[in-house]
Amino acid sequence: MKQVLGDRKSILILIGPALLVYTLVMLVPVVWSLGYTLFEGNAIVGFTFVGLDNFARMLTDARVHEALWFTIRYAVVITVGQVFFGYLLSLLYVFVLKKSSGIIRTLAFFPVVLPTVAVALMFQKMFEIAPQNGLVNEFLNLFGVESVDWFGSSGSAFLVIAIMDIWRSMGFYGVLLYAGLVDIPEDVLESARIDGASGWRLVQHIVLPLSLPVLLSSIIFSINGTLKVFDSILALTNGGPGTSTSPLTIYMFQTSFTYGEYGYGSSIAFLLTLLCLVVTLFIFRSSRRDLTKG
Amino acid sequence: MSTSTLTAPARPQAPAQRRPRRARWLKKLPTTIIVALLLIVEIYPLVWLLLGSFKTNKEFLEEPVWSLPASFNFDNYVDAWTTGNIAQYATNSILAVFPALFLMLVMGTAAGFALEVMVWKGRNGVLLAFLTGIMVPGQMILLPLFTVYFQTGLTGTLWPLIITYTATGLPLTVFMMATYFRSVPREVFEASTLDGANILRSFFSIGLPMIKNAIFTVALVQFFFIWNDLLIALTFTNSTDLRTIQVGLLNFNGEYGSTNYGPLFAAICINVFGTLVIYLFLNQRVQKGLTAGSVKG
């Protein structure tokens, strides 16, 4: 039996195709991209070796700094927003709506499945000022507030991006955290209630510590996703006004395909990959330490 | 609405039930308001979008934004579908997404089986190699792939999309499939091999049927990921007639969107309500699947 489950030929037939495609289309290109970072040029005009010039250029390129700073700011704000509102939703589901939360969960979840481009264009029209007011400005006018040119300054554009991405995904984190919250044993909650804990005190001292592991994994997932944000911002603001809402992903895309600088583009992609790797490892390690402590 | 609650026998150990009706109603009010607010915030934008898709340009410019359309005619949809090329873009999306889904699921399920059920040296290393693929941003593989597709003459077809989608979807598929196979008792496969079945046969005739629900779930999850993708589609579609629906919609906005509101709204609606219909019928499964695949972020 061991022999059958360890049959080399069968193993090769089963995993071979997946491993081959994965290696050729993902692993090799990653290494290849690393190679590109040492060159200048593109597939059409050819490449010249420049050593570490691309990295030196990144150190002084104000646009890279801007994009890196935006990426980090975006990841932090959106992660906090998504997980915070998701957590509020999950508390609402578990402790207020209880058994009847199914339909609300389903309704709050659905923006997740909508195409990002479509959602972004919808928000673009909702926050529009010219040629005519969108929903939001019209609503503000009702209260006597003047229309705001939301996409005219980087601060308000960032706000719209944040609102959109939190709108899109809080239902998702609501369900994810809900799954963690319903796992808290009822008798633990009951005994805390008997001890006189209720409302926010119950959440603060019992629910929050017990749901810390699932909160942490939500944060990891969220950071991992938000660092790579591309389509929602591209479709909503196209990185503007100017370049003030361009994350590394969009800057990399423009460098590579608008300006045809493969080497520099790969260097930016490498910076992004490094960022993802460091953040993942960092959170993974700190979360493991916490778990062993508790 | 009130009589039934009044005459209903009070449940034991529920002191709230004995309070006067108004107090209970007041106590429930904040919850009702919160839930109502939540639903308005989540759903009203889509209602607004849908109503807008029936409006004429004149209505857009002259009526307030929350006005109802004067009539429900489908001119905007016809416009978007034909002049706006959405029909062509949707076809491209279907032609790229479904072959990729099929390939990814076949390879991913087989790999998941080999990694979880079968016993061999180095399988942990291979699983880890697949897992790191979930973390790598797409930008890290675009340029070499672009070069290769260009040099092999695949640019100008939908193959770059199919190949790239298959490969980028594999890590998550393998990971999820391995997880599902872990929950199938090993005895099942051991018993079938004792009965003399070849391991490949027990994969096809026992393994696959046992997790066909899981395969369907993963298929749904990956469908949403690929269907909604912009980065890969934008990189590898160099001509108008290859655009997927997302790239098409983005360009539609740039080309006609600033003047032709109705058709743009209709185009967004086609895109949105396509996925929404799937969600309406399969929402529980989609929720489970997407949260199980949340490692992707």
Helices (runs of 4 or more DSSP H) contained entirely in region A:143-254, each with at least 2 residues that are open to solvent by 40 Å² or more (accessible area, probe 1.4 Å): A:154-181, A:186-194, A:199-202, A:212-226
Residue within region A:262-269 that is at pLDDT 90 or above and more than 21 Å from A:F70 (Cα to Cα) present: yes
A:L52 among the hydrophobic types (A, V, I, L, M, F, W, C) and open to solvent by 60 Å² or more (accessible area, probe 1.4 Å): yes
Positions within region B:111-136 being farther than 25 Å from A:N224 by Cβ and either open to solvent by less than 10 Å² (accessible area, probe 1.4 Å) or aromatic (F, W, Y) (or both), in sequence order: B:F113, B:A114, B:V117, B:M118, B:W120
Single unsatisfied condition, B:L170 versus (1) crowded, with 24+ Cβ neighbours inside 10 Å; (2) in contact with a Lys or Arg (Cβ under 9 Å, 6 or more places away or on another chain): (2)
Matching residues, region B:36-93, being of a type in the set (G, A, S) and open to solvent by less than 80 Å² (accessible area, probe 1.4 Å): B:A36, B:G52, B:S53, B:S67, B:S71, B:A80, B:G84, B:A87, B:A90, B:S93
Odd one out for B:T259 among (1) over 30 Å from A:L5 (Cβ atoms); (2) buried (at least 20 other Cβ atoms within 10 Å of the Cβ): (2)
Residue that is most open to solvent (accessible area, probe 1.4 Å), among those in region A:1-49 that are within 9 Å of chain B (Cβ to nearest Cβ) and outside any helix (DSSP H, G or I): A:I44
Unmet requirement for B:T157, which otherwise passes all of (1) more than 13 Å from every other protein chain (Cβ to nearest Cβ); (2) β-branched (V, I, T); (3) farther than 30 Å from A:I250 by Cα: (3)
Sole residue being on the phi < 0 side of the Ramachandran plot, aromatic (F, W, Y) and within 23 Å of the chain's Cα centre (by Cα), chosen from A:Y87, A:Y36, A:Y22: A:Y87
Only one of B:V188, B:V106, B:V174, B:V119 that is farther than 21 Å from B:F236 by Cβ, of a type in the set (V, I, T) and assigned to a loop (DSSP other than H, G, I, E, B): B:V119
Selection from region A:113-127 of residues that are touching a Gly at 6+ places or on another chain (Cβ under 7 Å) and at pLDDT 90 or above: A:M126, A:F127
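The values are calculated or read from the model by the stated rules, or taken from the named source; none is laboratory data. A quick note: this is a predicted structure, and the numbers were derived from the prediction, not measured. Cβ atoms come from the backbone with ideal geometry, glycine included; neighbour counts cover every protein chain shown. Surface accessibility is based on the protein's heavy atoms, side chains included, excluding ligands, DNA and RNA. Shrake-Rupley method; radii C 1.70, N 1.55, O 1.52, S 1.80 Å.
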